Amino acid sequence: MQYVIDAPAPATIPVAGSDDVFPIRRVFCVGRNYVEHAKEMGHSGREAPFFFMKPADSILPVPYGTTGDMPYPAHTADLHHEIDALSHVWGYAVGLDMTRRDLQGEAKKLGRPWDTGKAFDFSAPMGPLHAAGALQGIEHATIMLTVNGEPRQKGTTDQMIWNVAEIIEHLSKYFTLIPGDLIFTGTPAGVGACQKGDLLDGGIGGLGELRVKLV
C-alpha cells in the first residue's frame, strides 16, 4: 500500500536534556481552570470542567535558549496570550495558548465552535517536555508571563480549580487518552492582547522559560 500523496511529518516536541522527541497526537485544553482567570472572564465557582482542542500541528516547538518566531495570525485585531502548564502522564512543559479573542467572542455570541479563535496555525508555542519523574514541586510551581519585559500574568499551579488528576479523570470519560495526547491545563489571571513585534517570555518553576516573538 502506498500513500496517494506525501504524508506530513509527525508533529513533535523536544524532550529536555535529550536528543529525543515526543510525538503529538491530540491537544486538549481546559477552559477557565484558574479561579482569578475565571473571574476576569465573568465566571466564578467550581463549574464542571470543559475542554476545547487544537490540532497537533498548531504546536510551535521552541528549544531552550532560543526565541520562537510566531507569525501573527490573519483575520484578528485582538490576539491574546494565555500562559499554560501542560500536563500528561509522561511529563510537563510550558505552553502558550494563543487566542484570536475577537473571533472567539463572535463565535460565543453565535453559539458556534471556537476553532477559528483557538485552533489556528502556530497557536500553541511550547517548550521542551520534562519527564515527570525528574520533577519536584510542580503542583505548587510559579507560573508567569511578561510581554516586552512588562509583567502580565503570575500565579501558581495550585490555583487551578481542577487539579491534574481531576482533569485527566474527567477528560477520560469522554475521550480515550493514549500516549501522544497533550493537555493544556489553564491560565492564571492577566490575559491580554499582544501586537506584532511583541516579545512574550513565559515560565513555570522547574520547567524553564518559553520565549516567543510575534512576527
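Quick rundown of the values:
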{"item": "Residue among R112, R211 that alone is of a type in the set (D, E, K, R), free of Cβ contacts under 8 Å to residues at least 12 places away in the same chain, closer than 27 Å to A11 by Cβ and not in a helix (DSSP H, G or I)", "result": "R112"}
{"item": "Residue tally, condition out of contact with any helix residue (DSSP H, G or I) (no Cβ under 9 Å at 6 or more places or on another chain) and small (G, A, S), over the stretch 95-115", "result": "2"}
{"item": "The stretch 118-135, subset of a type in the set (A, V, I, L, M, F, W, C) and assigned to a strand (DSSP E or B), residue surrounded by the most Cβ atoms within 10 Å (Cβ to Cβ)", "result": "A124"}
{"item": "Pair list, Cβ < 6 Å and 6+ apart or interchain, from the stretch 1-21 residues that are in contact (Cβ under 8 Å) with a residue 24 or more places away in the chain to residues that are surrounded by fewer than 16 Cβ atoms within 10 Å (Cβ to Cβ) and in a loop (DSSP other than H, G, I, E, B)", "result": "P14/P63"}
{"item": "Positions within the stretch 187-204 being at pLDDT 95 or above, crowded, with 16+ Cβ neighbours inside 10 Å and either assigned to a loop (DSSP other than H, G, I, E, B) or not small (G, A, S) (or both), in sequence order", "result": "C194, D198, L200, D201, I204"}
{"item": "Every residue from the stretch 33-48 that is modelled with pLDDT of 70 or more and within 21 Å of M126 (Cβ to Cβ)", "result": "N33, Y34"}
{"item": "Count - residues of the stretch 67-106 that are touching a residue at least 24 places away in the same chain (Cβ under 8 Å), in a loop (DSSP other than H, G, I, E, B) and farther than 30 Å from I178 by Cα", "result": "7"}
{"item": "Criterion violated by D84 - all others in (1) touching an Asp or Glu at 6+ places or on another chain (Cβ under 6 Å); (2) modelled with pLDDT of 95 or more satisfied", "result": "(2)"}
{"item": "Residues located in the stretch 24-36, provided they are closer than 15 Å to K54 by Cα and part of a strand (DSSP E or B)", "result": "R26, V27, F28, C29, V30"}
{"item": "Test: residue in the stretch 162-184 that is assigned to a loop (DSSP other than H, G, I, E, B) and in contact with a helix residue (DSSP H, G or I) (Cβ under 6 Å, 6 or more places away or on another chain)", "result": "no"}
{"item": "Some residue of the stretch 101-115 being out of contact with any His (no Cβ under 7 Å at 6 or more places or on another chain), surrounded by 21 or more Cβ atoms within 10 Å (Cβ to Cβ) and closer than 27 Å to F22 by Cα", "result": "no"}
{"item": "Among the residues listed as H140, H170, the single one being surrounded by 13 or more Cβ atoms within 10 Å (Cβ to Cβ), out of contact with any Gly (no Cβ under 7 Å at 6 or more places or on another chain) and at pLDDT below 95", "result": "H170"}
{"item": "Qualifying residue in the stretch 67-80 (condition: at pLDDT 95 or above, closer than 18 Å to G127 by Cβ and of a type in the set (S, T, Y))", "result": "yes"}
{"item": "Selected residue (only one of A124, A141, A119, A131 is in contact with a strand residue (DSSP E or B) (Cβ under 8 Å, 6 or more places away or on another chain) and farther than 30 Å from Y72 by Cα)", "result": "A131"}
{"item": "Single condition D97 does not satisfy, out of (1) at pLDDT below 90; (2) in contact with a Phe, Trp or Tyr (Cβ under 6 Å, 6 or more places away or on another chain); (3) among the acidic types (D, E)", "result": "(1)"}
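The values are calculated or read from the model by the stated rules, or taken from the named source; none is laboratory data. As the structure is a computational prediction, the values presented were derived from the model and not from experiment. Note: ideal-geometry Cβ built from the backbone for every residue, glycine included; neighbour counts use all protein chains shown.
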